[in-house]
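Report on the following structure.
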Amino acid sequence: MYGIQKLTGESTYLAWSAMAKASLTGQGLWHVMDETIRSILEKDTPAESTLESDNTTGESSAQKELKRAREIKKFEIQNARDMCLIMGTCGKKPLQYILRLKTAKEQWDVLERIYGPRPRRYARAGMVYTCGLGSWWICGMLTAGFASAKEYHLCC
């Protein structure tokens, strides 16, 4: 479905997430992952009276409320498209974790937590080196004998 490899577990997560993100981006839907219904509701809280006019934009509260309702509807449609793509490209087990979630963002985050890459940790002489997705972070000082974290990684 969608030409995206199915997510079946940790071994397929990186390819699945890259392809799913590219597909959502190509369809103009990735921004839904950054936006929530709460952020739409907080953008512009309507005034108490539906007849009052906003002096800065000239819009009445009723017009603002209508605009806000359209934004919410647009978000709901785009969120449903994202959810459809995510659920449609998941295997049976990953699908069980996300079926009852209400937003694509929640689904993405849960799948990332469960199947996403975890940094590998190496310890030597009390120092901890963490390798994650090609980047190195060093906790503590390098021990004698290793000029850099990269040198340490090469000898592991």
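The numbers here are math on the coordinates, done by the rules we state, and not lab data. Worth saying up front: this structure is predicted, and the values here are computed from it rather than measured.
Listed values for segment 94-102 are Karplus-derived 3J(HN,Hα) couplings in whole Hz (6.51 cos²θ - 1.76 cosθ + 1.60, θ = phi - 60°), namely x, 4, 4, 6, 10, 3, 8, 7, 9, and x replaces Gly and Pro. Annotation: amide H-H contacts under 5 Å for C90 (H modelled 1.01 Å from N, sequence separation of 5 or more, or interchain): L7. Close amide H partners of S60, meaning residues 5 or more places away or on another chain with modelled amide H under 5 Å apart, are D54. Within straight-line reach of K21, meaning a Cα separation under 25 Å, sit the following lysines at least 8 residues removed in sequence or on another chain: K6, K73, K74, K92, K93, K102, K105.
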